[in-house]
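Chemist: Let me begin by handing over the structure; questions about it come next.
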Amino acid sequence: MPNVDLRQTALRELNQALHHLRPDTNETHWLIANPDGRHAIACGLDAAISVEIEGNVGYYCAGMNKLANVVINGNAGVGVAENMMSGLVHVRGDASQAAGATAQGGMLVVEGNAGARCGISMKGIDIVVKGSIGHMSAFMAQAGTLTVLGDAGEALGDSLYEAKLFVRGSVKSLGADCVEKPMRDEHRELLHAKLTAAGLNGEIDIGEFKRYGSARTLYHFHVDNAGAY
Amino acid sequence: MDDHARKARTLPRFSATFDPATMAEIRRAAATGIYDIRGAGAKRKLPHFDDLLFLGASISRYPLEGYRERCSTEVVLGGRFAKKPITLKTPITIAGMSFGSLSANAKEALGRGATLAGTSTTTGDGGMTQEERGHSQTLVYQYLPSRYGMNPDDLRKADAIEIVIGQGAKPGGGGMLLGQKITERVAGMRCLPPGIDQRSASRHPDWTGPDDLEIKMEELREITDWEKPIYVKVGASRPYYDTALAAKSGADVVVIDGMQGGTAATQDVFIENVGIPTLAAIRPAVQALQDLGLHRKVQLIISGGIRSGADVAKALALGADAVAIGTGALIALGDNDPMWEDEYQALGTTAGAYDDWHEGRDPAGITTQDPELSARLDPVLAGRRLANYLAVMTLEAQTIARACGKSHLHNLEPEDLVALTIEAAAMAGVPLAGTTWIPGRTGF
Ligand SMILES: Cc1cc2nc3c(=O)[nH]c(=O)nc-3n(C[C@H](O)[C@H](O)[C@H](O)COP(=O)(O)O)c2cc1C
């Protein structure tokens, strides 16, 4: 099990080592000490390994992740797991702005709160935030699910497309073209599956969630919609 | 009224302010209630490269022999930080144009033509297609606010990365692709429902400002092991500060796109009224790099209305390292060709003026996703035409450079130029022809 101390090893060296792992490597569990808020730690991974980071990380930790399982035992800066394709990123603390931005797959779990623009432009990722999320979350969200156990800030889901939003607490306000939608069985199943994947099987009452999605009135340019923006 | 008086009547006179095109637009707006969307760049007359002339050799400067003495055209991009800078045989590159706005055949043709000419081509808002990667020897991958089709595997397959902040046709505006062109394949690549009117973001989702940009660049470099050059593309509006900030943030290459630069689809009001002309953007950008001691270390690519080898030579003489072309390349492929005149007429326009590219009904099969129309463009032949055009432009630029006594296109300098108009003299920072007067610099 490689142990990397970022006070001893340059970040560039660490990332390159992670990128150049052979598919049959037995170095599948990496422990990273003293991240000290450095940016771009463990980004661009493309192997089914697990990476555990002992401390707080800066911007874009696990950015563009594929396949890997990255655990951050601390808080994460802006854009954690941005544009993730697959794999799992688990933040044990809080996450800053734009968590999971534009991500196309995999799962992001945040134990604490996530800041503004959580899931902005998301394109297929599943995000589960156990705390609350900030304003403008799921802005222009295209696909995937965003599940929030706490509250959501202003303008949730502004201009969103087909992403599905589940919020247990209050929503300060909905953004343009975002509406509350009925929870049907298929949505309860979906939500159950996501909560289970996030390790919350049976702990949470699905009945407490509301679903939000696109009213689809902005899908075509039309003069009558001009006031919506 | 006697006969004489009747004949002496005034002619019907159109207002210069409310001219026929303006009145037609007012009627169109009144009838539809929505702004006009179109492709291509600013159509109004602007100070441009036509307003500059080369001086050529004279008693005090001697020329190079036209066909005997070498005038090099090679350019290296990205040596500042990238482990693998790219080398092009000609400083004329193909600008980013999205698959979606262009057909797959058109993208393939661009790749083929650029490869034959030894230059690079660029992806666009919508991701990288296999056709394009396969046929482009040197491919620049755009990283845009929408992040449509953004895939780390494609990033790794690219030869360089271009972070797009904006475009000359619409500095501050996001992309548009209307429903007619969002086919299943295009929708799939962008993760959007087919057939909707797509509005892309105008700001990057996960960073704001130059300090964040620097961190974003670090991430992209870390992901690609510091191998690939990183370009930053901005629409020309505040070129001095944008160039300085891009360079400060760590760009290897800065791309400045003037307001004549083409677009696939944007509001006409935006295209014609936001941003500054290409000519006005070059000197401030060069100045910014010089002030930082980075001119020629960070390369400058200029685009927006580049049509000929003369334009290329003028842009380089003003301090650019390379240029990029969009519209010119599409015309070389066959866009707006009079051979389709009947069909342009049927669309209510005429060859040369067709700009409803967003509607996807391009008779030339270029700005469309319609399978029948796209099939009209043979990517091999069209690629050949583009390669010819690039070769002609390169030869033209060399012809001018030799006449000015330069053994490399990069040796052209502002000193070789004069301006025909006061505006161009002021913008390009070169004297009005026949004088020593540079408005704003040398008294008046
Ligand atoms: C059809 C078309 C599509 C374009 N798509 C993009 C794009 O996806 N991303 C981008 O940065 N610029 C895009 N542009 C702008 C070009 O990259 C380039 O800046 C411009 O075309 C240069 O000016 P020129 O057309 O006068 O040569 C597009 C231009 C055209 C004509």
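The values are calculated or read from the model by the stated rules, or taken from the named source; none is laboratory data. Since the model is a prediction, treat every value here as computed from it, not as a measurement. Positions of Cβ are backbone-derived with ideal geometry, glycine not excepted, and every protein chain shown enters the neighbour counts. All accessible areas refer to the heavy atoms of the entire protein, side chains included, with ligands and DNA or RNA removed. Shrake-Rupley method; radii C 1.70, N 1.55, O 1.52, S 1.80 Å.
Chemist: Identify all residues within the stretch B:237-283 that are open to solvent by less than 20 Å² (accessible area, probe 1.4 Å), within 14 Å of the ligand (Cβ to nearest atom) and of a type in the set (G, A, S); write none if there are none.
Modeler: Result: B:G258, B:G261, B:A265, B:A281.
Chemist: Out of the strands (runs of 3 or more DSSP E) lying entirely within the stretch A:151-229, which hold 1 or more residues that are out of contact with any Asp or Glu (no Cβ under 8 Å at 6 or more places or on another chain) and either within 14 Å of chain B (Cβ to nearest Cβ) or not charged (D, E, K, R) (or both)?
Modeler: Qualifying strands (runs of 3 or more DSSP E): A:164-167, A:178-181.
Chemist: Turning to a different aspect of this structure: Going residue by residue through the stretch B:89-96, is there one that turns out to be modelled with pLDDT of 95 or more, more than 16 Å from the ligand (Cβ to nearest atom) and closer than 22 Å to B:V255 by Cα?
Modeler: The answer is yes, given that some residue of the stretch B:89-96 is modelled with pLDDT of 95 or more, more than 16 Å from the ligand (Cβ to nearest atom) and closer than 22 Å to B:V255 by Cα.
Chemist: Next up: Hey, does the stretch B:327-341 have a residue that's open to solvent by less than 20 Å² (accessible area, probe 1.4 Å) and more than 15 Å from the ligand (Cβ to nearest atom)?
Modeler: Among the residues of the stretch B:327-341, not one is open to solvent by less than 20 Å² (accessible area, probe 1.4 Å) and more than 15 Å from the ligand (Cβ to nearest atom), which makes the answer no.
Chemist: Further question: Write out, first by first residue and then by second, each pair whose Cβ atoms fall under 8 Å of each other, whose residues are 6+ apart or on separate chains, and whose first residue, in the stretch B:151-166, is within 12 Å of chain A (Cβ to nearest Cβ) while the second is open to solvent by 10 Å² or more (accessible area, probe 1.4 Å) and in a helix (DSSP H, G or I).
Modeler: Taking only residues 6 or more apart or on different chains, the pairs are B:D154/B:R133.
Chemist: Checking A:D126 against (1) of a type in the set (D, E); (2) within 11 Å of the chain's Cα centre (by Cα); (3) at positive phi, only one condition comes out false. Which one?
Modeler: Just one mismatch for A:D126, condition (3).
Chemist: Here's another thing I want to ask about it. Look through the stretch B:123-157, keep the residues that are hydroxyl-bearing (S, T, Y) and open to solvent by 10 Å² or more (accessible area, probe 1.4 Å), and return whichever of them is nearest to the ligand (Cβ to nearest atom).
Modeler: Ranking the qualifying residues of the stretch B:123-157, first place goes to B:Y148.
Chemist: Right, something else. I need the full set of residues from the stretch B:227-267 which are touching a Phe, Trp or Tyr at 6+ places or on another chain (Cβ under 7 Å) and over 16 Å from B:A320 (Cα atoms), in order please.
Modeler: Once the filter is applied, which keeps residues that are touching a Phe, Trp or Tyr at 6+ places or on another chain (Cβ under 7 Å) and over 16 Å from B:A320 (Cα atoms), the stretch B:227-267 yields B:G250, B:A264, B:A265, B:Q267.
Chemist: So, one more: If a residue must be closer than 20 Å to A:L195 by Cβ, open to solvent by 20 Å² or more (accessible area, probe 1.4 Å) and in contact (Cβ under 8 Å) with a residue 24 or more places away in the chain, how many such residues does the stretch A:145-165 contain?
Modeler: Qualifying residue count, the stretch A:145-165: 1.
Chemist: How about the stretch B:108-159: which of its residues are in contact with a Pro (Cβ under 6 Å, 6 or more places away or on another chain) and aliphatic (A, V, I, L, M)?
Modeler: B:A109 - this is the single residue of the stretch B:108-159 that is in contact with a Pro (Cβ under 6 Å, 6 or more places away or on another chain) and aliphatic (A, V, I, L, M).
Chemist: Of the residues B:E227, B:E218, B:E132, which single one is charged (D, E, K, R), touching a Lys or Arg at 6+ places or on another chain (Cβ under 6 Å) and either within 14 Å of another protein chain (Cβ to nearest Cβ) or within 21 Å of B:G250 (Cα to Cα) (or both)?
Modeler: B:E227 is the lone residue from the list that is charged (D, E, K, R), touching a Lys or Arg at 6+ places or on another chain (Cβ under 6 Å) and either within 14 Å of another protein chain (Cβ to nearest Cβ) or within 21 Å of B:G250 (Cα to Cα) (or both).
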